[in-house]
1. R0 = 25 Å: FRET efficiency of LEU439 with ASP147, Cβ-based, nearest 0.05?
2. Tell me, how many Å apart are the Cα centres for segment 61-126 and for segment 450-498?
3. Could you tell me which GluC sites (Glu not before Pro) in segment 1-63 are loop residues by DSSP with no more than 10 other beta carbons within 10 angstrom of their beta carbon?
4. Taking segment 190-305 as the region of interest, what is the percent of Cα-Cα pairs per 10 angstrom bin, listed from the shortest bin to the one with the maximum distance?
5. Based only on other Cβ atoms within 10 Å, what is the fewest-to-most ordering of VAL330, VAL48?
6. Could you give me the ³J(HN,Hα) list for segment 451-459, computed from phi with Karplus coefficients 6.51, -1.76, 1.60 and θ = phi - 60°, whole Hz, x at Gly and Pro?
7. Just from the alpha-carbon atoms, what are the Rg and Dmax of segment 1-80 in angstroms?
8. Let me spell out the model: positive unit charges on the Cβ of Lys and Arg, negative unit charges on the Cβ of Asp and Glu, origin at the Cα centre of the chain. What dipole size does that give, in debye rounded to 20?
Amino acid sequence: MEADRRIRVVIVGGGTAGWMTAAALATLASGAARVHLVESAEIGIVGVGEATLPHLRAFITRLGIDEAAFMAQTHATFKLGIEFSDFGSIGERYIHPFGPLGRPLAGVGFHHYWLRHHRAGAVPPIGDYSTGIVAAQALRFARPAADPDALDGAYGYAYQFDATRFAPFLRAHAEARGAVRSEGRVIQVDRNESNGDVTAIRLDDGRRIEGDLFIDCSGFRALLIGGAMGEAWEDWSHWLPCDRAVAAPCASPPGGIEPYTRAIAMAAGWRWRIPLTHRVGNGYVYASAHLSDGEATDALVAGLESPPLAEPRTLRFRAGRRRRSWVGNVLSVGLASGFLEPLESTSIYLAQMAITQLIEHFPDARVADADRDGFNALVDAEYDRIRDFLILHYHATRRDDSPFWNHVRTMTIPDSLAEKMALWRETAQVSRYSHGLFLEPSWVAVYLGQGIVPDGWDPRADLPEADALDRALAGLHGGIASAVAGMPDHKAYLAADAA
Ligand code: FAD
């Protein structure tokens, strides 16, 4: 019989990151990898992380997972975007949708025409030109039509789900495809004396598990990448000072289910509201320098629509990331690799991105430096861009009602963000990048949503006659309104899907 030459992949941790990695490798790289996952029920998982981005759809599709089965088991609802309240100023709100605002005319971005119109007088908010936003506000949902240029196809969607159900769901998928699981606590890591690579992990019951490639999915503990490999942490808490969250579910209110996540700015951070089919997830993300744990819990509970269904749970974290996510034969995925607060639901996306890149760069018998460097460069770029985008939500504010908002409004921001904001203010242009999260529509939604209206716009937007532009905008506005009027109620759509 031929020897099994596949790489022995050992995954430490069975939270969302660990089981996403195991499921993806067992499905997509089974010819190259033998997957062994170690987790400790005694330690448990972080168990939050309920709002996602549309990319997750591609992940589950690529793994051959049936969307309806996944949604039923995780009590998922559909998500068209995030509504931000009180960020720019108290009383203001906007939705950051998954999809464009309006549609380009003659190759020029829609927002340039909207700005021209806006300067000329009262016009509907830019959100009225987005099918996703109008549907979200009407609590309506249907999967988008195949044609992304059609008004009923010009939006994306993601899921809101029960974070404690996702990892077990993926576990079943991974184990059915050959992934092996061991229960136990890792207490020691063995390393090769000459090159520093990890050779094996030891469990509390004496078992020793050898491997060729180790994936650290141990969450905030970062046992391998931080502990064994000692990779430095790049701290971003001076820009993103929130370092705690308190979370508690409550019962769903009667009536419709919002097909969007809510982020509501608070005195020392913000709170989330994520509607699922069986309950609502809530949490207050705050800066401990400005608010005590007790005050945060009281504020969270006071804002719930109904009594909490479980004891509020406090979590601690720090914004930042590992200097390198892949060092030697240890690669980190999920919270072990970095943490950016869930303001834009980016963590699960970051885990997914790392897994996709790992599969692209999957090592042969030994890890090639070029693959590792390529992987680290991509991960860095993703983290840096998301970091800037999150800082924008805090810095672009007129709030001066608390020490927290005074701090973030007046703090020095990264040069990379300062340059982007200057370009926007002057020209209404969004800095372009070809790869990664948050492209033009996202930046436009947050800039305008938080009240940064640029001084100018693309001069080509001045070309159409005013009447012709009026008619084009009115046509789009009316077309979106009637496309949304034809969509089912979100709750009814979920029920029909589940039937
Ligand atoms: P964990 O869930 O912590 O899993 C770690 C695993 O490692 C566990 O199985 C544990 O048992 C194991 N382990 C640890 N030490 C050992 C050991 N010694 N031996 C054996 N096993 C060990 N993300 C989003 O995308 N959207 C959101 O809305 C969102 N909201 C969030 C809100 C908060 C407050 C926080 C803190 C995070 C949020 N996230 C969100 C992030 C999301 O929760 C995580 O990215 C996701 O759950 C992945 O976590 P993980 O698997 O890396 O870590």
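Derivation of every value follows stated rules applied to the coordinates shown; laboratory data play no part. Just so you know, these numbers come straight off a predicted model, no measurement behind them. Cβ: placed from backbone, ideal geometry, glycine included. Neighbour counts: every protein chain shown.
1. So the FRET efficiency works out to roughly 0.80.
2. Taking the Cα centre of each part, segment 61-126 and segment 450-498 sit 10 Å apart.
3. GLU2, GLU42
4. Percent of pairs per bin, in order: 11, 27, 21, 21, 17, 3, 0.
5. VAL48, VAL330
6. With coefficients 6.51, -1.76 and 1.60, one gets x, 9, 9, x, 6, x, 8, 4, x Hz.
7. Radius of gyration, then largest Cα-Cα span, for segment 1-80: 15.0, 52 Å.
8. So the magnitude is around 460 debye.
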